[in-house]
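The next block holds one structure in the form of structure tokens; read it before the comments.
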Amino acid sequence: MSLRSNILDLRKRKKEIQKGGGDKAIEKQAKMGKLTARERILSLLDKNSFHEYDLFVEHAAKDFGMESKTLHGDGVIIGTGTINGKPICIFAQDFTVAGGSLGLMHARKITKIMDHALKMRVPLIGINDSGGARIQEGVNSLAGYGEIFFRNTLASGVIPQLSVILGPCAGGAVYSPALTDFVFVVENISKMFITGPSVIKSVLGEEISMEELGGAKVHAEVTGNAHFFAKTEMECFDQIKTLISYIPRSNSKKAIPHKPKAPLKGKKVEDIVPSDPRIPYDMRDILKSVTDGSEFFEIMEHFAPNIIIGFGRMEGETVGFVANQPMVLAGVLDTDSSDKAARFIRYCNAFNIPIVTIEDLPGYLPGADQEHAGVIRHGAKILYAYSEATVPKITVILRKAYGGGYIAMNSRHLRADFVFAWPTAEIAVMGPEGAANIVFRKEIAEAENPEEMRQQKIQEYKEKFANPYVAAAQGYIDEVIEPNQTRSRILHALKVSENKSVFMPQKKHGIPPF
Ligand code: HXC
């Protein structure tokens, strides 16, 4: 064959394989409102940047009539490319080929690109759309998952790992996404569960739809497995692109800075927060008053909304924000919000992203429900995460900082580098009402006018403790600042902390309260 005919032959072979599972299967995929694996990769990556590997890999199954079947690419596409010029590794399961099920060669392709991502220190993006372990390949499928989980763990904290759920993700297959840093789901398309509706029906006799069991909303709002929820696949890809713009490519780099921008001129900072500590406000307004261009990229927006986590930029540099949300449950810490914040703090710490904490909370949520749900164990995670973090850590206390909440939200005692407080800050063991009722119970009960006495004692307690000056006098707070100085103080603290270096005790690893 001449070179020309060799080239034509190569093109023909490629074209045939790139058809995936064929027209009928692709039509079915489109009917479900889903793009194909190849369309997804091409929509997500920069134009003409995708390079595919292992296109010619075929399955190796020999049983159940599989030996006579052709599975193009063995149901998964792998390769490298760029997103806004940044290199990434990617795999996308192709549901049109044997339901994207995972057999030996399919798993080998995935683990090859995972190894590549880890070696090259670039983010790994996995698009999951699969019926799970390929039933005909038995233990080889299970082995494949095990190899993936092992690599997810090895790569954890070294390179960013993103999982995009764009179809079913069933059985043990869900554990690869669960081991990764960020999980993206799309309404009506994503499904994640360990045991599906048919198993539930046969074992428990209960009827439940796939959507109710493990649809996108369930994971974005209830389980906390998903970090980003989108209405369409294209919206989801935009979220991925934005996330990639904020994070560094590996743990040995810093995020690439953007052009600095001032916050937009909105409400004055001091007009956002009501001075009456019982009146709520939207903490996002405060975050937007300090970030470049008032842009804030929220993570896990719909799960445990009593705490807010996400990225913003200050003078062009990525910052991780953790902030109480007074609009939801007064911003208390509970099991879910502690888990949410703790994991994010560990992410920022692993990837050299400074953490800014904005505080306004009445403490941990009381009640038997929370105690029995393990608020001790879950609540400890946030203490652990802040204490072990060695990136720059800055705290601003706006109003309430009561009890365990004060300590947990990156207090000086957990080694905050800078702690600022507004003059409206109240740092105390508990709120003045509760404190007066306990400490002066006897005086109140014995008073001629108990209510008058109660109010007097509340006032006394407020004057003594419900202000930032007692903590400032101890040096627990570095500076009491005026609200409009918030951005400039954080910026200066970040600048001073750029070269931060601390020594922690040598250990193999700690034992966080998982
Ligand atoms: C082999 C599979 C498959 C699988 C789907 N297919 N799942 N082949 N192994 N696990 C094939 C189907 O036979 C079909 O082939 C094609 O993919 C499309 O599947 P459909 O069922 O027609 O699609 P749909 O109606 O959309 O239903 C999707 C589905 C369903 C809900 C995912 O296919 C399903 O329930 N699959 C099995 C899910 C499951 O139980 N997986 C094992 C989980 S246990 P044809 O040739 O007809 O087009 C597990 C253990 C991992 O994963 C443990 C790791 C630790």
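Every number in this text was worked out from the coordinates using simple rules, so none of it is lab data. Quick caveat, the model's predicted, so the values are computed rather than measured. FYI the Cβ positions are ideal-geometry reconstructions off the backbone, even for glycines, and counts take in every protein chain you see.
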| message | With just the Cα atoms defining each centre, how far is region 354-408 from region 93-155? Give it in Å. | response | 37
| request: Determine the sum of side-chain charges near Thr291: Lys and Arg each +1, Asp and Glu each -1, restricted to other residues whose C-beta is under 12 angstrom from that of Thr291. | output: -1
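Run the numbers for Asp63 and Ala30: contour at 0.36 nm per residue of separation, minus the present Cα-Cα distance, in nm.
Values: separation 33, 0.36 × 33 = 11.88 nm, distance 3.06 nm.
Between Asp63 and Ala30, full extension yields 8.8 nm more.
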| query | For the residue pair His413 and Ala373, what label-to-label distance in nm results when each label sits 7 Å from Cα along the Cα-to-beta-carbon direction? | reply | 2.5
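Compute the length gained on full extension between Tyr175 and Ile194: take 0.36 nm times their separation in residues and subtract their Cα-Cα distance, giving the result in nm to one decimal. Each step should come with its number before you reach the end.
Details: separation 19, 0.36 × 19 = 6.84 nm, distance 0.90 nm.
Here the segment from Tyr175 to Ile194 would lengthen by 5.9 nm.
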| message | To make sure I understand the rule: partners must be lysines, Cα under 22 Å from the Cα of Lys381, and not fewer than 8 residues away in the same chain. Which ones qualify? | response | Lys340, Lys393, Lys400, Lys507, Lys508
| query | Could you put Lys464, Lys217 in order, starting from the residue whose Cβ has the fewest other Cβ atoms within 10 Å? | reply | Lys464, Lys217
| task | Add +1 for every Lys or Arg and -1 for every Asp or Glu among the other residues with Cβ under 15 Å from the Cβ of Pro177, and state the total. | result | +1
| remark: Taking Lys and Arg as +1 and Asp and Glu as -1, residues besides Met453 with C-beta under 9 Å from its C-beta add up to -3
| query | Cross-link partners among lysines for Lys31, C-alpha distance below 18 Å, same-chain residues fewer than 8 apart left out? | reply | Lys19, Lys191, Lys231
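In which sequence would Thr291, Thr153, Thr424 go, from the one with the fewest C-beta neighbours within 10 Å to the one with the most? Numbers along the way, then the final one.
On the way: Thr291 24, Thr153 10, Thr424 21.
Placing the least packed residue first, the sequence is Thr153, Thr424, Thr291.
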| query | Taking the Cα-to-Cβ direction at Ser387 and at Lys500 and moving 7 Å from each Cα, how far apart do the two end points lie in nm? | reply | 1.8
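Kindly state, to the nearest 0.05, the FRET efficiency for Gln485 paired with Lys464, given R0 = 25 Å and r defined as their beta-carbon distance.
Details: r = 26 Å, r/R0 = 1.04.
Efficiency for this residue pair is about 0.45.
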| message | How high is the relative contact order of the chain? Use alpha-carbon pairs under 8 Å, at least six apart in sequence, and give a whole percent. | response | 8
| remark: Proxy exposure order for Ser68, Ser497, Ser5, Ser411 (fewest C-beta within 10 Å first) is Ser68, Ser5, Ser497, Ser411
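Name the GluC sites (Glu not before Pro) in region 382-485 that are in a loop by DSSP and that have at most 10 other C-beta atoms within 10 Å, would you? Could you put the intermediate results ahead of the total?
Values: sites: Glu388, Glu426, Glu433, Glu443, Glu446, Glu448, Glu451, Glu452, Glu460, Glu463, Glu479; in loops: Glu448.
Here the GluC sites (Glu not before Pro) that fit, given the DSSP loop and packing criteria, are Glu448.
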| request: Just tell me which aspartates and glutamates come within less than 20 Å, Cα to Cα, of Lys69; anything on the same chain fewer than 8 places away is out. | output: Glu16, Asp23, Asp54, Glu58, Asp94, Glu137
